[in-house]
Amino acid sequence: MRIALFSTKPYDRQFFEQANERSQHELTFFEPRLTAETCALAQGFPAVCAFVNDVLDAHVLEQLFAQGTRQIALRSAGFNNVDLAAAQRLGLSVVRVPAYSPYAVAEFAVGLILTLNRKIHRAYNRVREGNFSLEGLLGFDLNGRTVGIVGTGQIGAVVAKIMAGFGCTLLGFDVHPNPDCVALGMQYVSMDELFLSADIISLHCPLTPDTRYLINQQSIQQMRQGVMIINTSRGAVVDTRAVIEGLKSGRIGSLGLDVYEEEVDYFFEDHSAELIADDVLARLLTFPNVIVSSHQAFFTREALEAIARTTLQNLTDLEQTGQSKNQVHKAK
Ligand code: NAI
């Protein structure tokens, strides 16, 4: 099948070409993001492969359909950037990679927890300047602390397992509790109770209308003084302006964001020679107790191999049978 891959970087090309040795699709790599302005590049391609910040709204899907595209293959787990109702109406198949490496994302989330708590990012810079003082680097034992995990699917469950290994008490909130987490000793509680009791809150739910701005001014007010918040799910699960106020008041003790609601303008690209015009992002970057990373939690060799393999297999399945087990359907 002829596949147009958007938002591609050299590493995408490397892993997709490697995986394609078995699949034998015809791959064309485009560097630009998929948007209304760039979708003409996919003219005549039956399949389009898109990433997290590509635009797949009704307008783009209609344009792709008119140009001959029938399959949309997301090389991500999340699918919040696709207008599924429009895809269904047009008869476009949408497939995704529901699981590639939950370990990649979970381990990164735990990395943020450890770094923020023990201030390793500050220590790294400090000693390089010849400052060997410990002032301001005081952390706390994770052992015995309460970790609240919102969304206990594949990634959340791995975070739970790692944090159980540190001796943490586990609280969970999920619309579908996970028996594996219960077996680890996790107690499922209401969202309010989780916010009230957790020392560390880690977000692993998808972005949906229900989870948009789950972390907001009101929920932050419920939280423990000095709470740590980690978001490796999707940016808009957190109201960034509200967390900035929470950081300024001290309610939020530290914040790790691998995703940001306006990340589309900055993430995955080198903007080091420019000024940051986004004042919210710029403010976030001034806090010593905030770490922002550029949506890199998924970025391990194992994950990229699995993403490429599964994406191409999804398209092979659609081509050969008209179906894929990884098809995404609009919720009824
Ligand atoms: P999953 O589908 O296995 O788990 C998501 C869990 O969230 C499910 O248990 C589901 O029941 C729960 N959930 C759904 N709605 C909820 C709500 N309103 N409140 C609480 N829980 C709710 O997904 P997985 O693989 O664990 O990924 C989770 C999210 O992580 C993805 O949706 C994606 O947005 C994000 N992600 C981020 C990456 C990164 O590089 N930063 C990479 C991969 C995924």
Between G91, G111, G78, G139, which is at positive phi and not polar (S, T, N, Q)?
G91
Pairs, please: C-beta under 7 Å, at least 6 apart or cross-chain, first residue over 26 Å from G226 (Cα atoms) and in segment 244-271, second within 16 Å of the ligand (Cβ to nearest atom) and of a type in the set (G, A, S)?
F267/S294; F268/S294
Tell me which residues, restricted to segment 69-116, are under 23 Å from C205 (Cβ atoms) and of a type in the set (S, T, N, Q).
S76, N80, N81, S101, T115
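When segment 244-285 is examined, which residues are found to be charged (D, E, K, R) and within 21 Å of the chain's Cα centre (by Cα)? Give the derivation first.
As a first pass, look at segment 244-285 and keep what is charged (D, E, K, R): 245, 248, 251, 258, 261-263, 265, 269-270, 274, 278-279, 283.
Scanning segment 244-285 gives D258, E261, E262, E263, D265, E269, D270, D278.
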Can you name every residue in segment 153-196 that is buried (at least 16 other Cβ atoms within 10 Å of the Cβ) and closer than 19 Å to A77 by Cα?
G153, Q154, I155, G156, A157, V158, V159, D174, N178
Are any residues in segment 196-226 in contact with a strand residue (DSSP E or B) (Cβ under 8 Å, 6 or more places away or on another chain), closer than 12 Å to R251 by Cα and of a type outside the set (D, E, K, R), and if so, which ones?
I220, M223, Q225, G226
Taking segment 276-332 and keeping residues in a helix (DSSP H, G or I), within 23 Å of H204 (Cα to Cα) and in contact (Cβ under 8 Å) with a residue 60 or more places away in the chain leaves E302, A303, L304, E305, A306, I307, A308, T310, T311
Determine if segment 263-270 includes at least one residue that is closer than 23 Å to V147 by Cβ and surrounded by 20 or more Cβ atoms within 10 Å (Cβ to Cβ).
no
Only residues that are away from the ligand (no atom under 16 Å from the Cβ) and either part of a loop (DSSP other than H, G, I, E, B) or in contact with a His (Cβ under 6 Å, 6 or more places away or on another chain) (or both): list them for segment 59-102, please.
Q67, G68, T69, R70, D83, G91, L92
From the list A109, A86, A50, exactly one residue is of a type outside the set (D, E, K, R) and assigned by TED's automatic domain parsing to the domain that holds P206. Which is it?
A109
Go through E37, E17, E31, E21 for me and flag whichever is part of a loop (DSSP other than H, G, I, E, B), more than 17 Å from N81 (Cβ to Cβ) and among the charged types (D, E, K, R).
E31
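The values are calculated or read from the model by the stated rules, or taken from the named source; none is laboratory data. Nothing here was measured: the structure is a model prediction, and the numbers come from that model. All Cβ positions, glycine included, derive from the backbone under ideal geometry; neighbour counts span all protein chains shown.
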